[in-house]
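Just below is one structure, and these are the notes that go with it.
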Amino acid sequence: MPPRPRGTALVLGILLLAAGPASPAEDNAGWKDLFDGKSLDGWKACDFYAPGKVHVEDGALVLDKGKHMTGVVTTRGDFPKMDYELTLEGKKIDGDDFFCTTTFPVGDSFCSFVVGGWSGRTVGLSSIDSEDASANETSKSKEFKNGRWYKVRVRVSAKRIEAWIDGDPMVNLDTTDRRISVRVECNVCKPFGIATYQTTGAIRNIRMRRLTDADRKEIAGTKPGDKN
């Protein structure tokens with residue numbers, strides 16, 4: 001093969017330098033990493049009363065047990081309000097209540113997906129028509145073991161909130177004409193935050209992506225109880 005002209009090589013080199021390295025924070029499916037596994041960059045501790053310490057350990061965000069709640073909230077200014085999904089892995093280290101409850105936008109409102117609340121087993125949305133996760137139709141009971149990682153997935157679209165734990169459907173709520181809100185304690189977790197209650201929890205692999213047209217078509221054909 002004849003040698004490539006020096007001018008061509010120079011142009012290619014300039015183009016590669018201009019493009020820069022591929023960002024590790026976003027993959028080809030549109031997922032963005034929201035936690036770098038090393039620091040609190042992009043996050044701050046929630047302003048709870050007498051919270052536990054928030055720190056990074058072994059690639060995870062650790063929320064130490066506080067008097068009541070401990071949490072972190074994103075400092076990003078571009079978190080979407082609608083048509084997105086988020087995933088994270090949560091682990092209960094010590095305690096008997098929720099260890100990775102997420103608060104997230106639903107249009108101009110906000111909602112929380114409770115994971116292991118009310119003495120450790122309740123899963124559901126707080127709040128729907130002013131009813132907590134322990135009382136509304138999204139309420140479920142699930143056992144959570146200390147020291148085990150659980151994968152949480154939440155998807156928010158124009159007329160639906162869905163949630164899964166380890167791929168099992170937990171929530172599939174039609175939000176048409178429903179009043180979506182959060183408990184007052186979770187106001188400091190807006191727009192997107194993660195919290196524990198009298199429990200030490202760890203969170204890792206926090207990711208978010210915007211829904212595609214194909215996703216929205218799939219959701220339009222989803223029925224309650226379907227597993228995605």
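Quick note: the coordinates plus some simple rules give every number you see, no bench work behind them. As the structure is a prediction and not an experimental result, all values here were calculated from the model. Every residue, glycine among them, receives a Cβ derived from its backbone with ideal geometry; neighbour counts consider all protein chains shown.
Here are a few things to note about the model shown:
- For the chain, calculated [θ]222 nm from helices alone, where every DSSP H run of n ≥ 4 adds -39500 (n - 2.57): -3000 deg cm²/dmol
- Taken over the alpha carbons of the stretch 21-83 as equal point scatterers, the Debye sum produces base-10 log I(q)/I(0) values at 0.20, 0.21, 0.26, 0.29 Å⁻¹ of -0.89, -0.94, -1.13, -1.22.
- Top positive-direction residue, dipole computed over the chain with Cβ charges, set Thr101, Asn187, Leu40: Leu40
- Entries of Lys38/Lys159; Lys32/Lys67; Lys91/Lys190; Lys67/Lys142 with Cα pairs more than 29 Å apart: Lys38/Lys159; Lys32/Lys67
- Spatial separation of Cα centroids for the stretch 109-156 and the stretch 161-228, in angstrom: 10 Å
- Calculated log₁₀ intensity ratio I(q)/I(0) where the Debye formula runs over C-alpha points of the stretch 104-228, q = 0.09, 0.19 Å⁻¹: -0.24, -1.17
- P(r) of the chain over all Cα-Cα pairs, binned every 5 Å from zero, in whole percent: 1, 7, 14, 18, 19, 15, 9, 5, 3, 3, 3, 2, 2, 1, 0, 0
- The stretch 75-228: relative contact order as a whole-number percent, Cα under 8 Å and 6+ apart: 34 percent
- log₁₀ of I(q)/I(0) at q = 0.17, 0.18 Å⁻¹ - the stretch 165-224, Debye sum with one point per alpha carbon: -1.01, -1.12
- Most mobile of Ala133, Ala29, Ala158 in a GNM of the chain (Cα contacts under 10 Å): Ala29
- Pairwise FRET efficiency - Asn28 versus Ser141, Cβ, R0 = 35 Å, nearest 0.05: 0.40
- Debye, to nearest 20: dipole size of the stretch 25-220, +1 on Lys, Arg Cβ, -1 on Asp, Glu Cβ: 120 debye
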